[in-house]
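The values are calculated or read from the model by the stated rules, or taken from the named source; none is laboratory data. In this text the structure is predicted, and so the values were computed from the model without any measurement. Cβ atoms come from the backbone with ideal geometry, glycine included; neighbour counts cover every protein chain shown.
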Amino acid sequence: MNYSQAQIVATLGPASKDKETIKQMIAHHMDVVRLNFSWGTHAEHAYYISMVRELAQELKRKVPILQDLSGPRLKTENGHKINPDATEVITEKDIFDLKFGLEQNVDYVAMSYVGEKKDVLEIKKHIKKLGGQMPVIAKIERRVAVEKIDEIIDAADGIMVARGDLGYEVPIEQIPFIQNMIIRKCKTAAKPVITATQMMLSMKENPAPTRAEVTDVAFAIISGSDAVMLSDETANGKYPVAAVTIMEKIVLEAEKYLKINYLNPLK
């Protein structure tokens with residue numbers, strides 16, 4: 001069976017906590033597991049980590065764990081946003097969660113609401129102080145992060161284009177062009193980049209994505225994304241296995257066209 005070169009990052013949650021569901025997600029090419037520490041308890045996350053590692057071994061796959069720290073997140077009626085009263089990007093909860101992540105030997109740490117290079121260096125100091133050395137993925141979801149993208153790319157081990165929160169910070173019509181700019185800069189710097197948020201959101205309720213969502217995933221790959229991510233689709237949606245399966249098909253098709261330089265905007 002052919003597998004995509006680009007990685008599929010999938011978030012585990014209440015909809016995908018069943019052992020058989022996780023097994024099928026790995027089998028249908030969930031490459032990286034994301035655990036969202038804005039939700040859930042340490043006991044719940046420990047269960048996911050244990051289950052993923054057991055099943056990955058059974059299926060003879062390596063499936064890294066990405067710990068996504070919540071940062072100074074404020075819950076709102078429509079979801080969440082950065083707490084405007086926060087004075088620091090790294091919260092006490094983040095340090096508490098980070099210590100747990102190190103104890104569980106997570107493979108990557110994603111930092112929310114990065115604003116500048118200093119934020120990335122600060123979380124790296126905390127990781128080192130706690131005895132860890134996991135790579136740090138900087139999430140770009142603030143206007144200031146877009147403005148300081150070069151220094152953030154330089155400091156981070158990888159970048160996530162977190163389009164959900166970013167859409168509250170910049171005019172939504174600018175998102176595609178910011179995404180493309182960040183991907184290009186990451187390619188130049190040889191840093192991996194994940195395109196994330198609402199890639200196939202309709203699959204939270206429906207067994208198939210929209211045509212627009214298929215196009216979104218495909219062009220994220222054609223533009224140079226090293227990974228694409230599923231959030232609510234797999235954490236809270238009705239069809240977590242189908243979401244991973246269909247995303248893999250889209251990525252494989254995009255990579256097939258890249259091989260023959262068809263519709264390749266990087267050329």
message: Take residues that are surrounded by fewer than 18 Cβ atoms within 10 Å (Cβ to Cβ) and of a type in the set (A, V, I, L, M) and tell me which of the helices (runs of 4 or more DSSP H) falling wholly in the range 164-267 contain 1 or more.
response: 175-189, 211-222, 240-259
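So if I check each of Ile159, Ile123, which one is in contact with a helix residue (DSSP H, G or I) (Cβ under 6 Å, 6 or more places away or on another chain), buried (at least 20 other Cβ atoms within 10 Å of the Cβ) and modelled with pLDDT of 95 or more? Outline the logic, then answer.
Values: Ile123 fails: in contact with a helix residue (DSSP H, G or I) (Cβ under 6 Å, 6 or more places away or on another chain).
Testing whether each residue is in contact with a helix residue (DSSP H, G or I) (Cβ under 6 Å, 6 or more places away or on another chain), buried (at least 20 other Cβ atoms within 10 Å of the Cβ) and modelled with pLDDT of 95 or more leaves just Ile159.
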message: closer than 17 Å to Ser4 by Cβ and modelled with pLDDT under 95: which single residue out of Leu258, Leu230, Leu266 fits that description?
response: Leu258
Which numbered condition Met160 misses (of (1) farther than 22 Å from Ala243 by Cα; (2) in contact (Cβ under 8 Å) with a residue 40 or more places away in the chain): (1)
message: Going through Asp68, Asp97 one at a time, which residue ends up being charged (D, E, K, R), more than 21 Å from Val161 (Cβ to Cβ) and touching a strand residue (DSSP E or B) at 6+ places or on another chain (Cβ under 8 Å)?
response: Asp97
- line: Within the range 24-54, of all residues that are in a loop (DSSP other than H, G, I, E, B) and under 19 Å from the mean Cα position of the chain (by Cα), the one nearest to Phe100 (Cα to Cα) is Phe37
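Within the range 57-65, identify whether any single residue is among the β-branched types (Val, Ile, Thr), farther than 23 Å from Gln133 by Cβ, buried (at least 19 other Cβ atoms within 10 Å of the Cβ) and modelled with pLDDT of 95 or more, and answer yes or no. Steps first, answer last, please.
Going through the range 57-65, the residues among the β-branched types (Val, Ile, Thr) turn out to be 63, 65.
With farther than 23 Å from Gln133 by Cβ added as a condition, the list becomes none.
For the range 57-65, residues among the β-branched types (Val, Ile, Thr), farther than 23 Å from Gln133 by Cβ, buried (at least 19 other Cβ atoms within 10 Å of the Cβ) and modelled with pLDDT of 95 or more: absent.
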